[in-house]
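Here the structure comes first, spelled out in structure tokens, and everything after it is commentary.
What follows draws every value from the coordinates through simple rules; no lab data is involved. Remember, predicted model here, so these are calculated numbers, not experimental data. As a convention, Cβ positions derive from the backbone with ideal geometry for all residues, glycine included, and neighbour counts pool all protein chains shown.
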Amino acid sequence: MLIPLILTPFIAAALMPILSKIFKDHVGWVASIVTISLFLAFISMISEVHENGSETGGITWIPSLGINLTAAVDGLSLLIVLLITGIGSADMIYSIFYLHHHERLANFYTFIMIFMGAMLGVCTSTNLIALYLFWELTSISSFLLIGFWYEKENPRYGAQKAMLITVAGGFGILIAFLLMGNIIGSYDIPTLIANADVIKSHALYPAIVLCTLLGAFTKSAQVPFHIWLPTAMEAPTPISCYLHSATMVKAGIYLIARMTPIIGGTALWGGIIAIVGCSSLMFGSFMAIRQYDMKGILAYSTISQLGLIVCLLGLGTEAAIAAAMFHLFNHSAFKGSLFLMTGIVDHQTGTRDVHLLRGLAKVMPICAFVCAIGSFSMAGLPPFSGFLSKELFLESVADAPVNNLAFLGDAAYIIPFVAVVASIFTFVYSIAFFAKIFLGETTTQTPKAPKEAGFGMTLPALTLVSMNILVALFPGFFAETLIDGAASTITQTSIHMHISFWHGITPAFLMTCVIVAIGAIIYMRYDMVKALFLSYSSPIGANKFYDSFLHGLPVYAKKLTDIQLTGRLHDYIGITFVATMVFVYAAMFRANAWSAINLDGMAQVDVLEITLAIIAAVSAVCIAFFKRRIWSVLALSAVGYTVSFYFIVMRAPDLALTQLLVETISTILFLLALYKLPFGMIPYDPPTPNLRRTVNGLIGVAFGFLAFSITMIAQSNKLYPSISSYYSQYAETMGGGTNIVNVILVDFRGFDTMGEICVLGIAAMGVYVMIKLGRNNLFDKYGTQPEKADTFNDTGINSVVIEVDPYFQEEDDLIPPYSPL
Amino acid sequence: MPNKKIDKITQAPVDMAAHLEYLPEQTAHRSKRIETSTLKEAQEQNYKPKDGGINNVILKTTASLLIYFIIIVSIFLYVVGHDNPGGGFVAGLMLAGGVLLLYLCFGKPFAKNFSFDYKLLIPIGLSISFLTGMAGVVFGYPFLYHTFGYVTVPLFGSMHLTSASIFDLGVFLVVVGTTLTIILNIGENK
């Protein structure tokens, strides 16, 4: 039952191009129906998960490698899955009204369906490799969706940035998963949890933690990998709401939560997560005040709030983890509704600039209502759900220095301090977000005159924001249904939360009082504080690093490449030979390989063979010393023909035939290629210096000696019986042919041949494309027009191109054609 | 500056081999010569080979006769390949060599008139080889599983047929296509 549910969005994505042809502008409804049905299906699982602990399903994929598409819905998965499908449902309906019908709706819904499927896969997979694949798929679909308006520069930049950063992190988790898989021998998460102690005591444990957290922090936009999230706001608002605040960025948190029973619970794990979470919390709330784009404020706010959740997971106590799950739920509810509200404002006024927006409450009362509840919940004010989780957060943080971060010593007290400061900023920007935009005189500066949006857009926003009130009204019910199960999955114990508004005068309550008091004072001087914040500009920054990296990478790569790619073929082959020789000679010297040469049992060498060897050797030497390419080519083919003669002498007719034909064809090819080149060797380059020639000669001789040595050693030592007898024995009975060579080629090793002919085809396509597309540039180095270049040929084949003029001479070194010998 | 003496010695035979085709006075008809792709046209235009040189006309005449033998030998090599020296690869090279011989003799006009799209041979050949391999899968054997048998055909008697030969046909076509695509494109002038 579970696997079909996960695959449903992918099937819908595959059908979406066809469906969009059938339903035209109404294709969004199809996507909505799919999402809502999935939501209802997962809702119906709640009772079963509560009874059995989890609902599982799976199909085998590559069982020999331990890679299977196994899935399970436990408490943690259930919470995230309901968020994905629930917020997805609201978002799909919203997007129907948000997007114009002339947008590329088929693309939009295809990508978003792929995303939803991938996200469901991430949150339910119990196999690490499957989890990784779905994880990367979310990055890819996010890339496609951020770049939805790819005609514009900024979405392309944002899409690339998000892709590069999240995929780099994805690479990290792949490494971590493979390490864990290697240590335990299984990719199955329950097996790994059972063997958690083995992993934690392994020498590579720190590497596993760092790689896993790299993936989680990049995905959840934690400092310093947060930079992709603000630029990702170039996506259409439903996407920003769905991917970049409510679900995809939660995947990193999910990963941390999922990995906690396996590799969590140590000082390294908790320390890194808590510190990074706190930094993001602080930095995000600080940066949010500086923004003037509504989505910019929300983006930095998301970074900050995710930092809060991450920090709670790092603290790692049962109360902290329960608070993290509770805040995760609340954050999706209030941030999702705020994004949808922002989209409505953008849609109805034509701008998101907070300088232009004033007093919208009078004309857009529903939006004002949504924004008020969302912002107050975000600020942590009663009586909304945000207050409840914020209170739990402050409690855990106040507890941290004496409890589980005690190893940090007095430095641990910085964490409650940071939490309070960040919460003050959060309070300020949340209140300002509502007050500056919705209160006061109605603006007249917006591109479009503001008016309330239709029901299709406001209803999803209202639904999401009503969750903040519902949770606040019935905290016990929500805690019992969703939060307890999720937290229990992480800690592997049974957790029962008791959420209430009034706990008495606790440190957390006092902290809230401080936050509200100082926050209110700062808000009085909001404009001054904002100006002060804006006046500060950091000389270093992750964005600057990213941009210079993106710009510098190809530049330095080119410099590095230019060192090696000189444009001279003899340099290339020289480098290749020297590199090969360094390794092979080193190994041969270490093993004293020459002592293994054994000349016993060698066949008698005839005069004929010696003669052939002399011809081949003389021709080979001549190749290097001839002054004309044509002669070098002919000498080269002389070597080749001599080799084929050897094959005849050795009674290998197949090889001889092939060698002869290959030699003939390659000689023709050489001659045709030479025809394109100017007269002489390299007339326009300075002659090769003697030193270089000597070095090249030595490399050649050394490589020749290497080949000779290897041949001799291989000939003298037969470590294994030759396979030839097997082939000659079975060629007729199994391959149905008496020519062993051909039977091997097409039957015994047919797969090799298959690959070889593929390579041949690809090579032909490559040559064809290079010649056809690069024709105008290919011979430009010599700066001659093609007709003129033709006259400088020295191929000797005049009938290939008949218009060759034998009497044309212009260059000094061109010899008259009929000069006597 | 290259050594002139060596250049002269080495260059002279090349030039003789290369340029003995036409008398000097024919240089005025350069544009016309492009059209002389066949023996008949060459005769009509009364080109006289220079004394003592290699007569291109002989090469052209022989080549246009030889090509039939080359094709037959190529097919022969393919057919007997499974039991005797030969096979699809060699046969393909042989056929490509034959076409190249014509190209060398008749030059660019030949390439122009050679309207057959040899590039297509590559995908066709690859598909044949692949589908032969897939046939095994269809019958429940591994990919590239081959079978063989003896079939009695009238006139020819008992014939030895293998499915590997069909695979070999794919190899043959790919080799012909690749060789011609590479060489004719590189050789193609302008």
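Among the residues of B:160-170, the average count of other protein chain beta-carbon atoms within 10 Å of the residue beta-carbon is 4. Dimensions of the range A:344-472 along the principal axes, based on C-alpha atoms and rounded to the nearest Å, stand at 58, 31, 19, largest first. Distance from the alpha carbon centroid of the range A:191-245 to that of the range A:513-534 works out to 32 angstrom.
In terms of its alpha-carbon gyration tensor, the range A:185-320 comes out prolate; a/c meets the 1.5 threshold, and the first ratio a/b outweighs b/c. When you restrict to C-alpha pairs under 8 Å that are six or more residues apart and normalise by the size of chain A, the relative contact order lands at 9 percent.
The slack in the chain from A:D25 to A:S716, taken as 0.36 nm per residue of separation less the alpha-carbon distance, amounts to 241.1 nm.
Which of the three applies to the range A:408-555, rounded, prolate or oblate, going by the alpha-carbon gyration tensor with a ≥ b ≥ c and a/c under 1.5 meaning rounded? It is rounded, given that a/c, with a ≥ b ≥ c, falls under 1.5. Over every Cα atom in the range A:308-397, the radius of gyration and the widest Cα-Cα span, Dmax, amount to 15.6, 47 Å. From largest to smallest, the equivalent ellipsoid semi-axes obtained for the protein assembly as shown from the alpha-carbon gyration tensor read 73, 34, 30 Å. Under 1.5 on a/c is rounded, so check that first for the range A:517-637, then, if it is not, pick prolate when a/b is larger than b/c and oblate when it is not; a ≥ b ≥ c are the square roots of the alpha carbon gyration tensor eigenvalues. In terms of gyration-tensor shape, prolate. Ordering A:T60, A:T667, A:T266, A:T35 from the fewest to the most neighbouring beta carbons within 10 Å gives A:T60, A:T266, A:T667, A:T35. Here's the picture: a label point sits 7 Å out from the Cα of A:F708 along the beta-carbon direction, and within the range A:603-621 the residues with their amide nitrogen under 18 Å of it are A:603, A:605-606, A:609-621. Summing Lys and Arg as +1 and Asp and Glu as -1 over all other residues whose Cβ lies under 11 Å from the Cβ of A:I263 gives a net charge of +1. Multiplying the residue separation of A:Y556 and A:V605 by 0.36 nm and removing their Cα-Cα distance gives an extension gain of 12.1 nm. Between A:A106 and B:Y145, take the C-beta separation as r, use R0 = 51 Å, and let me know the FRET efficiency to the nearest 0.05. FRET efficiency, A:A106 to B:Y145: 0.75. Going from the residue with the fewest nearby Cβ atoms within 10 Å to the one with the most, A:S385, A:S500 rank A:S500, A:S385.
Each residue of the range A:610-621 is assigned a 3J(HN,Hα), and the resulting list reads 5, 4, 4, 4, 5, 4, 5, 5, 4, 4, 5, 5 Hz, derived from the Karplus form 6.51 cos²θ - 1.76 cosθ + 1.60 (θ = phi - 60°), x at Gly and Pro.
Between the Cα long axis of helix A:153-184 and the first principal axis of chain A there is an angle of about 80°, rounded to the nearest 10. Peptide A:644-654 has a mean shielding of 1, counted as Cβ atoms of other protein chains within 10 Å of each residue's Cβ.
Between helix A:128-146 and chain A there is an angle of about 80 degrees, using the helix long axis and the longest principal axis of the Cα atoms. In degrees, nearest 10, range 0 to 90: what is the angle between the Cα axis of helix A:385-399 and the longest Cα principal axis of chain A? Between helix and principal axis, roughly 80 degrees. How big is the gap, in Å, between the Cα center of the range A:546-593 and the Cα center of the range A:409-456? Value for the Cα centre distance between the two parts: 55 Å. Note on A:R352, A:R651, A:R693: ascending count of other Cβ atoms within 10 Å places them as A:R651, A:R693, A:R352, the fewest first. Checking the cross-link pairs A:K436/A:K544; A:K362/A:K451; A:K250/A:K295; A:K152/A:K772 against a 21 Å limit on the alpha carbon distance flags A:K436/A:K544; A:K152/A:K772 as lying beyond it. Placing R0 at 45 angstrom, the Cβ-Cβ distance between A:Y157 and A:A203 gives a FRET efficiency of 0.65 after rounding to 0.05. Label sites at A:T738 and A:A579, each approximated as a point 7 angstrom past Cα along Cα to Cβ, lie 4.8 nm apart. For the pair the range A:378-394 and the range A:52-89, the centres of their Cα atoms are 31 angstrom apart. Averaged over the residues of peptide B:122-131, the number of Cβ atoms from other protein chains lying within 10 Å of each residue's Cβ is 3.
Helical content alone sets the calculated 222 nm signal of chain A at -23000 deg cm²/dmol, taking -39,500 (n - 2.57) per DSSP H segment of four or more residues and averaging over every residue.
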